[in-house]
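Each remark here refers to the structure printed beneath this line.
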Amino acid sequence: MSNTKAYAAFSAKEALKPYEFDRRDLHEDDVKIEIAYCGVCHSDIHFAHNDWGMTQYPVVPGHEIIGRVTEVGPGVTRFKEGDLVGVGCMVDSCGECSSCKEDEEQFCEKGMVMTYGSPDPVMGGVTHGGYSTQIVVKDPFVLKVSENLDTKAVAPLLCAGITTYSPLSQWKVGKGQKVGIIGLGGLGHMGVKFAAAMGADVVMITTSPEKGDDARRLGANDVLVSKDPEQMKAHEGTFDFLLNTVPVAHDINPYIPLLKNNKTMVLVGATPVDLHSMGLIFGRKHISGSLIGGIKETQEMLDFCAKHNIVSDVEMIPIQDINTAYDRVMKSDVKYRFVIDMSSLKS
Ligand code: NAP
Ligand code: ZN
């Protein structure tokens, strides 16, 4: 076993603090990774704060992991020491159910093993994530990462990237469609980049008018301030697709009239919402959800990013600033993803 330095949350109310634990010895198909960078997802904050009522403390968050392979198990052929790799939100699944066989491990019928906060099938206790110096992950859950992109800005692709790429791709967003991305944070800014790269006419739907210039720079053709009823009225019945990334409980009724008949709003924010069915009934409109993406689709997204030169807009922090970063994310004050330089954990 190898001693690993980390930062962990010890309760819903306390600030994250240094923590040490052991990573497992390498099994046949394991890959050991020295973590260089880890993105800070709003889900990390939900988890640290026990918003979903499922957190077991201490929890080491972090599922936007980039690093280099330091060692591989004897059965590993896809990776070797020195390779640049990524790990996202899952580290294992049953591999046998129909979801796993259809490359949708995130919907594994036995439950995927999340990178942090899941029962750890090997070590007991719960899994520990990327706010740490190293991680051991089964080969099939390790992603190949291009050396040609800015490595630190690739980290957020492992969650914010796939979570927005997947619904845009599943709903076949493309040329000739007007697409609204709701919430310009970590997920939202990737949604804008992907929808623009897929050829859609992108509208940023935001509560923060001051983010308008950034939204345009990221690829939006227009900015709609959702707090302004006149602006909302002007866009009624014009959208082919909406992607809602809002992370707090909110009323989704005002967004429904924006959709054309028969069109869909996908929710990825993991939070309660208010909805009156009337808005859907008139116009046969759809509400759906989407959870990250499978490993195959995540690799496809990373390859798409390498081809189109897409990365996140990041603000780098040392791990010692993680609590301030959490406070800022909660205030929607992030441009547009915090990424932890994990070398700070060694100092
Ligand atoms: P984030 O960086 O905090 O961004 C969220 C954005 O939502 C904010 O920047 C803000 O944008 C907007 N917003 C905040 N409060 C709002 C409010 N009261 N009303 C309307 N808009 C509001 O969060 P994130 O990391 O992108 O994560 C977003 C959500 O997705 C979280 O709940 C996270 O847990 C979830 N998530 C889900 C999956 C999945 O697989 N489904 C994966 C990852 C994350 P504006 O300032 O532009 O309004
Ligand atoms: Zn995430």
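Computed values, structure above
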quantity	calculated
Residue list for region 1-23, filter: farther than 24 Å from residue 317 by Cα and surrounded by 14 or more Cβ atoms within 10 Å (Cβ to Cβ)	2, 23
Residue under evaluation residue 246, criteria (1) within 16 Å of ligand 2 (Cβ to nearest atom); (2) assigned to a loop (DSSP other than H, G, I, E, B); (3) in contact with a Leu (Cβ under 8 Å, 6 or more places away or on another chain); (4) not charged (D, E, K, R), criterion not met	(3)
Matching option when the condition is more than 13 Å from ligand 1 (Cβ to nearest atom), within 22 Å of the chain's Cα centre (by Cα) and open to solvent by 60 Å² or more (accessible area, probe 1.4 Å), among 81, 71, 96, 34	34
Scan of region 187-210 for residues that are within 9 Å of ligand 1 (Cβ to nearest atom) and in contact with an Asp or Glu (Cβ under 7 Å, 6 or more places away or on another chain), ordered by number	189
Single match in 291, 280, 267 (criterion: open to solvent by 30 Å² or more (accessible area, probe 1.4 Å) and over 26 Å from residue 193 (Cβ atoms))	280
Any chance residue 43 is open to solvent by 20 Å² or more (accessible area, probe 1.4 Å), closer than 19 Å to residue 157 by Cα and at pLDDT 95 or above	yes
Residue 201 vs. criteria of a type in the set (Asp, Glu) and either buried (at least 23 other Cβ atoms within 10 Å of the Cβ) or farther than 15 Å from residue 339 by Cβ (or both)	yes
Single residue of 73, 62 found to be in contact with a Ser or Thr (Cβ under 9 Å, 6 or more places away or on another chain) and not hydrophobic (A, V, I, L, M, F, W, C)	62
Single residue of 133, 127, 151 found to be free of Cβ contacts under 8 Å to residues at least 60 places away in the same chain, in the same structural domain as residue 44 (by TED's automatic domain parsing) and out of contact with any Cys (no Cβ under 8 Å at 6 or more places or on another chain)	127
Residue within region 169-192 that is within 16 Å of ligand 2 (Cβ to nearest atom), touching a residue at least 60 places away in the same chain (Cβ under 8 Å) and over 22 Å from residue 330 (Cβ atoms) present	no
Residue check, residue 279 away from ligand 1 (no atom under 11 Å from the Cβ), in the same structural domain as residue 234 (by TED's automatic domain parsing), on the phi > 0 side of the Ramachandran plot and out of contact with any His (no Cβ under 6 Å at 6 or more places or on another chain)	no
Residue in region 121-132 that is open to solvent by 20 Å² or more (accessible area, probe 1.4 Å) and within 16 Å of ligand 2 (Cβ to nearest atom) present	yes
Meets criteria (loosely packed, with under 14 Cβ neighbours inside 10 Å, under 23 Å from residue 62 (Cβ atoms) and out of contact with any strand residue (DSSP E or B) (no Cβ under 8 Å at 6 or more places or on another chain)) for residue 321	no
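The values are calculated or read from the model by the stated rules, or taken from the named source; none is laboratory data. Please read all numbers here as calculations on a predicted model, not as lab measurements. Here Cβ is always computed from backbone atoms with ideal geometry, including for glycine, and neighbour counts include all displayed protein chains. SASA here: full protein model, heavy atoms, side chains in, ligands and nucleic acids out. Shrake-Rupley method; radii C 1.70, N 1.55, O 1.52, S 1.80 Å.
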